[in-house]
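A short reminder: the numbers here are calculations on the coordinates, not readings from a lab. These numbers were taken from a predicted model, which means no experiment stands behind them. All Cβ positions, even for glycine, are placed from backbone atoms using ideal geometry, and neighbour counts span all protein chains on display.
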Amino acid sequence: MLHALIAGSGSEIPPNLVKNEALARIMDTSDAWIRERTGVETRYFVDAGTSTTDLAVPAARRALERAGVAPEEVDLVVFATMTPDHFFPGNGGLLQARLGLRPVPCFDIRQQCTGFLYGLQLADAHVRAGLAKTILVVGAEVHTGFMPWSAGAWARLAGDVDAPLAPGEWEFNTRIRHLTVLFGDGAAAVVVRAHEGAGRGVVDHLLAADGADYDKLCVPGVGFKHRPFVDHAQIDRGDFVPIMEGRYVFKMATTRMTEVAQAILARNGLTTGDLSLVLMHQANKRINEYVQRALGIPDEKVVHNIHKYGNTTAATIPLLWDECARAGRIGPGDLVLLVGFGAGMTWGATLVRG
Ligand code: COA
């Protein structure tokens, strides 16, 4: 029986560290509010012009190097992102070309914050079916394209300008502060290899989606529901800025993540006591603390990094994996539970042995 083993991982964090205090220069917010309500202390932003693929390239190179895999061995790419470089083509092929891979199949998947878990299932299914042996699974995002801030606001954020923002702009930025303070840019990748024998690799997946309430977390405009798909009216209304009903999303995330974690453990005859580590999507530290309490998992088994990076959507779980792997926290055979929830709504859990 072939199993999908995570053989190496890598990540890329962009250069511009932005503290909560810096955001308070361009909207009515504070370090205390953001820390207390979300757990975020800093996030990193790309320079203007850097794309999701640009971040994914070094992350993937590091993953290949740590796995001891040459680019020509890769036989499948799965790229999870909700912030692609272009409407089309997808990022998978762009990454394939930039890494100098053979012309292998490349999937682009859009399950937002659950994207990496969906990607792992695709990789595992290809391994089990004998369709691929060495797969690059990437989660990467450049959220700063969603931040509808003026050049003046960006200059204030960077500390280049001291003068206060014009009142209208300050008000506009404040209206969407519940959203913009949460997110950061980042990329992470893993190399999945076909592995013979039990005791290591992906054990099980449990994925779900329910689109009934998609509009509680979505980008309302700039899509092919409109003809043309983008126009001045949409831009003027700000329809390119995501809508997020924070309290609803918070409730759904805590409920679904708890349920799916319990269900995957139960159907594998496992308990939380069998887990070495739990890596949860990093959307809000309070969501994860709630899930941790509901599952009864001790602090030492739960790793957070939202304080450093904010929510990096498809990148959060592989970023956590990469940090833990490099810190020696995932040994051969260690059982790790990955849990995510995201727009769609989508959610899922994956059990992996290191
Ligand atoms: N700074 C200061 N005040 C803020 C703020 C900010 N960045 N964002 C919102 N507020 C204010 C609100 O305007 C509101 O003010 P009011 O009481 O005067 O009306 C107050 O804080 C409480 O707002 P509320 O939305 O109830 O706060 P909350 O505790 O629910 O926290 C979120 C808001 C967005 C942090 C929280 O709901 C959340 O994290 N939800 C899940 C989001 C998520 O996971 N998204 C990604 C999904 S994968």
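Extension gain for the segment ALA70 to ALA263, taken as residue separation times 0.36 nm less the Cα-Cα distance, is 65.7 nm to one decimal. Taking the charge dipole of the range 201-353 about its Cα centre, with +1 at Lys and Arg Cβ atoms and -1 at Asp and Glu Cβ atoms, the residue from GLY331, GLN234, THR254 reaching farthest to the positive side is THR254. Rounded to the nearest whole Hz, the Karplus-based 3J(HN,Hα) values (6.51 cos²θ - 1.76 cosθ + 1.60, θ = phi - 60°) of the range 222-229 follow the sequence 6, x, 7, 6, 9, 10, x, 5, with x at glycine and proline.
Subtracting the Cα-Cα distance of THR42 and ALA233 from 0.36 nm times their residue separation leaves 65.4 nm of extension gain. Coupling constants for the range 252-264 follow from the phi torsions by the Karplus curve (6.51 cos²θ - 1.76 cosθ + 1.60, θ = phi - 60°), and in residue order they are 5, 4, 5, 5, 5, 5, 5, 4, 6, 5, 5, 5, 6 Hz; glycine and proline get x. Subtracting the Cα-Cα distance of LEU131 and GLU289 from 0.36 nm times their residue separation leaves 53.0 nm of extension gain.
Between ALA163 and MET244, the simple label model (points 7 Å from Cα in the Cβ direction) yields a spacing of 3.1 nm.
To the nearest whole percent, what portion of all C-alpha pairs in the chain is separated by more than 39 angstrom? Intermediate results must be reported in sequence, preceding the final value.
On the way: 7792 of 62481 pairs.
Summing the P(r) tail past 39 Å for the chain gives 12 percent.
Here the spin labels are modelled as points 7 Å beyond Cα on the Cα-Cβ line, and at THR174 and ASP204 they lie 5.0 nm apart. Bridges between two residues of the chain, per DSSP, are antiparallel at a rate of about 70%. Once backbone amide H atoms are built at 1.01 Å from N, GLY186 has GLU141, HIS143 as its partners under 5 Å, excluding neighbours fewer than 5 places away on the same chain. Helix 115-128 and the long axis of the chain differ in direction by around 20°, with both axes built from C-alpha atoms. As a length-normalised measure over Cα pairs under 8 Å and 6 or more apart, the relative contact order of the chain settles at 26 percent.
At a Förster distance of 51 Å, what's the computed FRET efficiency of ASP334 paired with PHE88, Cβ-Cβ distance as r, to 0.05?
Values: r = 40 Å, r/R0 = 0.78.
That pair, ASP334 with PHE88, gives E of 0.80.
Remark on the range 201-353: Rg and Dmax equal 17.5, 55 Å (Cα only). Counting only DSSP H runs of at least 4 residues, each contributing -39500 (n - 2.57), and dividing by the residue count of the chain, the helix-based mean residue ellipticity at 222 nm comes to -10000 deg cm²/dmol. Relative to the dominant Cα principal axis of the chain, helix 52-67 is inclined by about 30°. Normalised by 2.2 N^0.38 Å, where N is the number of residues, the C-alpha radius of gyration of the range 157-265 stands at 1.58. For the chain, lysine pairs with C-alpha atoms less than 14 angstrom apart, excluding pairs fewer than eight positions apart on the same chain, total 4. Here the range 1-103 is treated with +1 on each Lys and Arg Cβ and -1 on each Asp and Glu Cβ, and its dipole about the Cα centre works out to around 60 debye.
Amide H to amide H, with H built 1.01 Å from N, VAL302 comes under 5 Å of VAL278, counting only residues 5 or more places away or on other chains.
Pairs of alpha-carbon atoms within less than 8 angstrom and 6+ residues apart define the contacts here; what relative contact order does the range 201-353 have, in percent? Each step should come with its number before you reach the end.
Values: 232 pairs, mean separation 56.4, N = 153.
The value is 37 percent.
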